[in-house]
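Each remark here refers to the structure printed beneath this line.
The values are calculated or read from the model by the stated rules, or taken from the named source; none is laboratory data. Everything quoted here is computed from the prediction, not taken from an experiment. When we count neighbours, we look across all protein chains shown, and the Cβ atoms used for this are built from the backbone with ideal geometry, even at glycine.
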Amino acid sequence: MTEEFPPEVVKLYEQLKKEAEEAGYNLNPDRNFTLGLVAALLTNEKRYGYRACPCRLALGDKEKDIDIICPCYYRDADLEEFGACYCALYVSDDWIAGRIRKGSIPERRPAQFFISGYTEPEPVTNAREITKLSLPVWRCKVCGYLCARPEPPGKCPICKAGKERFERFI
């Protein structure tokens with residue numbers, strides 16, 4: 001049975017699918033399941049102002065939830081180890097082909113984040129010669145993309161994460 005979804009859900013689904021494919025990722029091929037997740041992302045965006053993972057409890061504070069804004073910081077590690085991210089929005093080729101057992105994905109987010117949210121790690125201070133670079137190097141905390149420029153890009157060209165998802169790497 002095919003469920004009907006509002007046009008804004010279908011539109012975002014098509015956008016996410018296109019962006020995922022362009023970046024070498026797959027959305028879950030179960031269209032109704034995936035549309036349900038996309039609808040939940042839009043609900044969270046309306047509720048909090050950002051697309052928190054639909055399968056996790058968000059705190060409602062973007063800085064504390066930054067690690068679970070879709071695509072979350074844990075997506076790639078989950079795909080590598082289990083073939084699917086925590087909510088199974090993103091899945092691997094092996095998962096789709098049935099070479100990886102489909103099942104629940106253990107929570108990778110550290111337990112203390114459930115109460116206090118994500119806290120940025122302290123920056124590395126031992127950077128001898130590296131500090132002589134003419135530009136800072138920025139790292140996307142979602143996919144690892146690196147770029148050297150005065151400021152981080154407004155949107156990651158690989159995973160489409162926003163500027164706030166970058167950290168100064170060097």
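What to note about this one:
- Top-ranked residue of the range 127-142 - restricted to ones that are surrounded by 10 or more Cβ atoms within 10 Å (Cβ to Cβ) and assigned to a loop (DSSP other than H, G, I, E, B), ranked as modelled with the lowest pLDDT: Ala127
- Residues that are in a helix (DSSP H, G or I), touching a strand residue (DSSP E or B) at 6+ places or on another chain (Cβ under 6 Å) and among the hydroxyl-bearing types (Ser, Thr, Tyr), drawn from the range 17-58: Thr34
- Selection within the range 21-76 - in contact (Cβ under 8 Å) with a residue 24 or more places away in the chain and among the aromatic types (Phe, Trp, Tyr): Tyr25, Phe33, Tyr73, Tyr74
- Residue list for the range 1-20, filter: touching a residue at least 24 places away in the same chain (Cβ under 8 Å) and charged (D, E, K, R): Glu3, Glu8, Glu19
- Among the residues of the range 3-52, the ones that are at pLDDT below 95, under 22 Å from Lys102 (Cα atoms) and either more than 17 Å from the chain's Cα centre (by Cα) or loosely packed, with under 11 Cβ neighbours inside 10 Å (or both) come to 1 in all.
- Scanning the range 53-72 for residues that are within 11 Å of the chain's Cα centre (by Cα) and under 13 Å from Phe113 (Cα atoms) turns up Ile66, Asp67, Ile68.
- Filter result for Glu14 (within 14 Å of Tyr118 (Cβ to Cβ) and part of a helix (DSSP H, G or I)): no
- Helices (runs of 4 or more DSSP H) within the range 65-126 that include 3 or more residues modelled with pLDDT of 90 or more and either in contact with a strand residue (DSSP E or B) (Cβ under 8 Å, 6 or more places away or on another chain) or within 25 Å of Glu21 (Cα to Cα) (or both): 75-82, 93-97
Yes or no, residue by residue, for (1) touching a residue at least 60 places away in the same chain (Cβ under 8 Å); (2) more than 25 Å from Thr34 (Cβ to Cβ):
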site: Asp78; (1), (2): no, no
site: Phe113; (1), (2): no, yes
site: Pro136; (1), (2): no, yes
site: Ile158; (1), (2): yes, no
site: Lys163; (1), (2): no, yes
